[in-house]
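Heads up, the thing below is written out as structure tokens.
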2 protein chains.
Amino acid sequence: MSDALAKGSELKAPEVKEEASPGHIRVRNRALILTAAEEVFATQGYRGATTAAIAKKAGLPKANVHYYFGTKEALYAAVLEDILGLWLGELDRIVETSDPATALAGYIRAKVHLSRERPLASKVYANEMIRGARHTRDFLKTELRNLVKEKAKVLEAWAAAGKMEPVDPVHLFSVIWAATQHYADFEVQVGSLLGRRQLAAKDYDEAAETIVRLVLRGCGLKYDSR
Amino acid sequence: MSDALAKGSELKAPEVKEEASPGHIRVRNRALILTAAEEVFATQGYRGATTAAIAKKAGLPKANVHYYFGTKEALYAAVLEDILGLWLGELDRIVETSDPATALAGYIRAKVHLSRERPLASKVYANEMIRGARHTRDFLKTELRNLVKEKAKVLEAWAAAGKMEPVDPVHLFSVIWAATQHYADFEVQVGSLLGRRQLAAKDYDEAAETIVRLVLRGCGLKYDSR
DNA sequence: ATTAAATTTGACCAATTGGTCAGGTTTTGA
DNA sequence: TCAAAACCTGACCAATTGGTCAAATTTAAT
């Protein structure tokens with residue numbers, strides 16, 4: 001056995017008691033199923049996803065999936081719930097005290113990063129929108145709308161302070177979301193155009209810079225193209 | 001009967017001989033089926049679309065759908081074929097002799113217009129990309145890639161002539177496509193954020209202007225925000 | 001150790017789905 | 001007018017699907 005390997009093995013420090021804490025099975029299996037479901041829903045669509053395929057990908061019998069989530073629809077709702085949490089976080093940096101260019105650029109880069117790290121989540125969400133947001137209507141009309149209204153005030157304040165030009169906030173966010181999520185949802189198209197099977201880190205970076213450039217300049221902010 | 005209505009009826013000028021030309025049944029029914037299929041594929045996804053639903057929407061028995069298109073997959077391919085034709089046309093205005101700002105703005109406005117007029121086509125295409133472009137890979141890697149390469153040369157020429165700043169063409173087109181098609185694919189989301197059930201003509205116009213503004217300024221071109 | 005609760009799962013079911021087909025009707029062209 | 005081609009469609013089928021369930025096993029808590 002090589003030194004490195006031996007060292008690695010010895011280092012798995014905590015030496016947890018093999019299994020632990022009540023409910024850990026529930027937690028582990030729900031996570032397995034949710035991960036598998038995200039992939040199957042993303043690549044096959046809601047209707048195309050079968051509970052059998054999800055179960056197989058999770059390494060569990062189909063009846064087990066129904067044991068934990070009841071129906072396919074409830075499982076789908078749970079997957080969406082996870083994704084919405086992921087989406088909502090990054091907007092925090094858009095606050096009045098931030099510098100507009102820094103905040104917007106940071107948000108865009110973070111969103112592109114998410115498209116690279118969690119493309120399946122983006123695809124599930126896109127699918128949900130395309131099909132009319134049957135399971136997400138309330139979220140859109142309340143939570144998301146309020147969040148955007150809040151951020152709209154920040155943009156207005158920036159504009160009033162002469163830090164940027166006024167821009168319609170809904171259209172600005174729409175363009176940012178569309179452009180950034182495009183690199184997850186239409187990954188295969190962008191890859192084809194760039195002549196790659198898979199997008200590389202560099203491609204995501206260049207995408208982010210392009211989007212940042214258009215948005216900042218569009219808002220009357222400085223951006224130096226290198 | 002109102003004047004307007006009567007006038008409208010009388011005006012249906014050509015008064016074609018009730019039926020006509022051999023093969024007209026084939027043409028008419030294929031069109032009925034393709035239109036119905038576009039809607040069902042758009043709103044239900046590939047797997048979610050049933051030939052029965054398509055037949056019902058077309059007002060024909062299911063067996064008739066199979067009579068004209070054979071399999072569901074062949075019908076889907078035919079729908080995609082139609083859509084790709086629609087997509088490819090508008091790029092014509094991006095030629096070296098055009099003024100960059102005029103050409104790009106015109107293209108963006110035309111694409112937004114298409115999102116409003118043919119949202120279902122956009123949704124079918126988005127679905128196809130999300131699922132990995134199983135039926136469109138070849139098109140992407142050959143036709144679309146070559147088209148973009150061609151347009152890339154135009155952008156380079158414009159930049160070399162000092163008419164605009166250099167921009168990565170693939171990322172520029174990706175952002176334009178993402179932003180414009182967003183108003184078809186994520187229509188329900190934009191509507192929720194704007195507090196409308198349906199987007200109005202004004203909303204599409206404002207969307208187009210926002211995108212034009214970001215893109216032109218991003219390319220170092222003038223755009224006056226009114 | 002004991003028992004209640006949680007978990008597991010093969011077998012099963014009713015409904016749906018893409019697709020077929022035979023026998024009929026209508027359209028077309030000579 | 002008439003036969004061939006095109007078109008139509010109700011009835012049917014094998015496969016798949018989401019979901020159920022009862023009996024067995026494992027885990028948790030006393």
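The values are calculated or read from the model by the stated rules, or taken from the named source; none is laboratory data. Model, not experiment: these values are computed from the prediction. So basically every Cβ, Gly included, is an ideal-geometry build from the backbone, and we count neighbours across all protein chains shown. Just so you know, the surface numbers come from the protein's heavy atoms only, side chains and all, with ligands and any DNA or RNA stripped out. Shrake-Rupley method; radii C 1.70, N 1.55, O 1.52, S 1.80 Å.
Points to keep in mind about this one:
- Taking A:T51, A:T102, A:T136 as the candidate residues, the one with maximal mean-square fluctuation in a Gaussian network model of chain A, Cα springs under 10 Å, is A:T102.
- Nitroxide proxy distance, nm - points 7 Å out along Cα→Cβ at A:K57 and B:K153: 4.2 nm
- Global form of the protein assembly as shown, assessed from the alpha-carbon gyration tensor, a/c cut-off 1.5: oblate
- Förster radius 56 Å - calculated FRET efficiency between A:D99 and A:H24 (Cβ-Cβ, nearest 0.05): 0.80
- Anisotropy class of region A:92-165 from Cα gyration tensor, a/c 1.5 cut: oblate
- For the listed residue pairs A:K72/A:K141; B:K111/B:K151; A:K123/B:K62; A:K123/A:K151, the alpha carbons are over 21 angstrom apart in A:K72/A:K141; A:K123/B:K62; A:K123/A:K151.
- Per-q log10 I(q)/I(0), region B:138-226, q = 0.13, 0.19 Å⁻¹ (Debye; single scatterer per alpha-carbon; no solvent): -0.57, -0.96
- For A:K163, solvent-accessible area (1.4 Å; no DNA, RNA or ligand), Å²: 100 Å²
- Two numbers describe the Cα atoms of chain A: Rg and Dmax, which are 21.3, 67 Å.
- Among the residues of A:166-177, the average count of other protein chain beta-carbon atoms within 10 Å of the residue beta-carbon is 6.
- Degrees separating the helix A:72-89 axis from the principal Cα axis of chain A, which is the longest one: 40 degrees
- Pairwise burial A:B, computed as accessible area of each alone minus the pair, summed, 1.4 Å, Å²: 5000 Å²
- For the protein assembly as shown, the residue among A:L32, B:M129, B:S174 whose Cα projects farthest onto the positive side of the dipole built from Cβ charges is A:L32.
- Computed from label points 7 Å out along Cα-Cβ, the spacing between B:D92 and B:Q198 is 3.0 nm.
- Probing with 1.4 Å while keeping every protein chain in the model, the per residue accessible area of region B:35-157 equals 45 Å².
- The long axis of helix B:24-48 is offset from the longest Cα principal axis of chain B by roughly 60 degrees.
- With the biggest extent put first, the Cα atoms of region B:21-70 measure 36, 17, 17 Å across the principal axes.
- Shielding value for B:34-46 is 2, the average number of Cβ atoms from other chains within 10 Å of each residue's Cβ.
- The protein assembly as shown - percent of accessible surface contributed by carbon and sulfur, probe 1.4 Å: 53 percent
- Peptide B:208-221 has a mean shielding of 6, counted as Cβ atoms of other protein chains within 10 Å of each residue's Cβ.
- Helical mean residue ellipticity (222 nm; -39500 (n - 2.57) per DSSP H run of 4+; nearest 500) of chain A: -22500 deg cm²/dmol
- Between B:N146 and A:E73, the distance separating the two model label sites (each 7 Å from Cα on the Cα→Cβ line) works out to 4.9 nm.
- In Å², nearest 10: area of A:D224 left accessible to a 1.4 Å probe: 110 Å²
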